[in-house]
Every structure is written in C-alpha cells, then in structure tokens.
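A short write-up of the structure that comes next.
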Ligand code: GLC
C-alpha cells in the first residue's frame, strides 16, 4: 500500500502553529543528517501543497501562504544595505518559548553555506496563483496584505541590476541545488521559475490604474524571457552544428556568435548525445559560457509552464527516451547530467564530499522530480514513460523507506547521506499516482500548474 503509506507520511509531517496546520516538515526521520530537515522548506512544501489542492484540502495551503507572507522581509539586516521586503525565507519552524509559540524563519542566515533562497518568493507566487485557481478565492489574493506582498516581491525581482538580458542573475546555490555546484549566473531553474512568477503576478495583481503599467511590463518581460530562453538556451542538433562551426571574436550588432562561445568549449560527452529528434534547454548561459549540463527540473518546468514550444517539449521528452538509463535510471529522475568528476568536481564544488560524482546534487536521482516528470510526460503524450516511472516508484520507494535521493550513474543505490522518510519523495509519488489514476485530479492539476497549451507565435 505505498500510496496509503505516502499519505500517512505527509500527514505525519504537518507542522501546526496556534492549533492550525501551516506547513510540512522536509523529513520525518529521527536520525536526519542536518538539524533543519524538521523545518518546513518553502520549495519542499510545493508538492505537499499540490497534493492538498488536488484533494480539496485548501486550508493548510492558505495558512502556509499567510505564514510565509508575514515572515517576508524579516531577514537579518546587513550593514549598509536597505532591507528588501520581497525576500522570502528558505524554511521556517515553530518553537515554544516561555509558553508562547513563535515562528522562526531561515533566510539563509542559518543554512549550510549561508545560501540565499532566491526561489522561495517565486514558488510562493506560483503557489498563490494555484491556490486561487483551485479555490476561486480571489478575495484572498485581492486583500491589501497580499497585494502589498506581491508588489514587494516584484520590487526586488524586477529591480534593475547589471544584467543586459531579461534573465535573472543569481549567486550560487540559490534554488533546489543549494550547495556550490557551479550554478551561479543565470541557471535554467531560476529562469523557468522567474517566468512562472511573472505570469502568476500578472494574473494576481488587481487591475487598478496604478498596477496597469506593471501588468503591461510583466507581459513584455515574460515574452522577452521566453524568447530569450528559446533563442539562447535551446540546443538541438542543428544549433549544436552551428556552434560547432562558430567563428569567435565577432563585434557589433549583427553577429552570429553573440556570446562569443568557443567551439572548443563543447564538452566531449556531447558527441553523439543528441539525435535528430531530441533537444533541451542548457543549464546556464553567460558571456563566453554555455553550461551544457542537462538540468531536469528546469527542463520539465519549461514544458509545464509553456516556455518551450510544443515541438521543443517533444524534443526534451525524446531526449529522455533515447537516454533512459542515464536520465531516468532505476529510480527516477536524474537531477543533472553528467556529473562533474576529477578536477572539475574539486574546483567547482570545493571538493564537497556530499556532492561526489553521481551523488546528491551532482548527478543523483531524486524521487521528488517524478511529479514534474510524469506531468510533462502526460502533457506531451508520452504515456509509457509516465507509466514506467509510476511503476518503478510504486515498487521501491516505500520498501526503501522514502529516501531523499539515490546514487550511482543509473540511480540504483540509496543515497549515501540521504534522509529517510523524506516528505517530498512521498508527495512526488502521490502526485504522479493521482495524475495517472484520476482524470478529475489531473484536470485540477492542469488548471493550477501554469500551462500554455496554445503555442503563442513569438513576434
Ligand atoms: C536539501 C536540498 C534542498 C531541500 C532541502 C530540504 O538542502 O538540496 O533542495 O529544500 O534539502 O529537503
């Protein structure tokens, strides 16, 4: 009864504040590796929330949105900086001091490596829209406090910086991969979340006179961002061939090799990797730099959010089909491929033993990724891939005691430092299962997770 057990784990993980459910713990493991796994992480709560929303259990999601909203902007003030009100915490937990309950947030000030949770506010906005679509509770979104919070987030995320592209520039470890992994700059996952956030904010802002200009700007920016990702991140055989023949050092407006990428930087593993049907969005793009690694979550969200065209979405799923062992493996789904090894691992991770090749963030397999994977497979008509993933997970996850991640090239070993009873491993399976088994719940999911099935022609 893996699904029943998964729901039990989810229910056991619920965190209460003043007698009300406000979130879920990341893991319910007595022997967790890091102390903060008993906290509610904003990004880990997203699949919990999706389960609650498709099951009609809305209350906890609303409480969570309010709790995190009240915490936003309460980060530690850095000397010489004006505190930004738009930042949301990575995680929170409830403590009782002198008989009084308190919610304590972590904005990265306690987190390992002091990493900044750039993704939190973006997930919050995407979840707020999901909640409103699922419940029809527009009054909640239109309340003064929520509208102010949306504006604060946009002030921070749309603030002019030094970027010359519509993408968002972030430090290392700003999202699910929250350790040093050479993901600074313009990582794909952040860009897809950014797109999701802009689209959500556009729908959530009330159209009073003052907001209309912001709403128009959000439209322009999200279109530009989509166009940019399709132009500079998309890679298929045709594009690869263009890069293979690139000239560099071109100057001026009308050049081909805009980012001055040297063909010599195309890694050896790319040779023969793409067939004529497959393609994907690369991991990161910057001056003279393309990170060719395949990052699963960014690509899958791009399909779900309608960032990739229908043909491109099919290309991504064809890549999965042609590299099943490497990208899906024995326990779906590989977080990034390939792993960094040798000196590359040493210099890029700071010799991080948790991120040795094919472990954890550096090429481990994460059951939580099954939800966007199965959703993307269904959306692109790849029923067999969805079913295979669902079956593997039903067989093994409960037996293995809900590990956080798996190790190995094909993800066949329980992760060396993986927690057990990891809640998003269970919610990943529940969502995959509900999508496969219940047309009604799949329909709710499709409405609440932003999608753009009608391909918009880009001007
Ligand atoms: C790890 C993961 C992060 C997750 C957290 C709690 O730090 O890298 O993405 O939010 O654990 O599960």
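Taking the alpha-carbon centroid of each part, what is the distance from the range 379-446 to the range 321-378 in angstrom? Between the Cα centre of the range 379-446 and that of the range 321-378, the gap is 15 Å. The order of the peptides 178-185, 160-167, 114-121 by mean Cβ neighbours within 10 Å, most packed first, is 114-121, 178-185, 160-167. The fraction of Cα-Cα pairs per 5 angstrom bin, counted from 0 for the range 359-409, comes to 5, 20, 25, 24, 19, 8, 0 percent, rounded to whole percents. Highest mean first, the peptides 6-14, 425-433, 195-203, 216-224 sorted by other C-beta atoms within 10 Å per residue fall in the order 425-433, 195-203, 6-14, 216-224.
Please work out the C-alpha center-to-center distance from the range 24-58 to the range 213-280 and express it in whole Å. Here the answer is 36 Å between Cα centres. By the Kirkwood approach, averaging reciprocal distances over each pair of separate Cα atoms, the range 132-187 gets a hydrodynamic radius of 13.9 Å. Here the range 154-179 and the range 104-130 have alpha carbon centers that stand 13 Å from each other.
Considering helices alone, the calculated mean residue ellipticity of the chain at 222 nm is -13500 deg cm²/dmol, with DSSP H runs of length four and up weighted by -39500 (n - 2.57) and normalised per residue.
Taken over the alpha carbons of the chain as equal point scatterers, the Debye sum produces base-10 log I(q)/I(0) values at 0.10 Å⁻¹ of -0.70. Radius of gyration over Kirkwood radius for the range 1-149, both on Cα atoms: the Rg/Rh ratio is 0.97.
Below 8 Å, C-alpha to C-alpha, sequence gap of six or more: please give me the relative contact order for the chain in percent. Before the final figure, lay out each step's value.
Values: 804 pairs, mean separation 76.0, N = 459.
Across the chain, relative contact order equals 17 percent.
Peptide packing for 90-100, 411-421 was compared via the average number of neighbouring C-beta atoms within 10 Å per residue; ordered from the highest value, the list is 411-421, 90-100. Pairs of C-alpha atoms in the range 327-434 farther apart than 25 Å represent 20 percent of all such pairs.
Read-outs throughout are calculated quantities, based only on the coordinates presented, and are distinct from any laboratory measurement. In this text the structure is predicted, and so the values were computed from the model without any measurement. With ideal geometry, Cβ positions are generated from the backbone for all residues, glycine too; neighbour counts draw on all protein chains shown.
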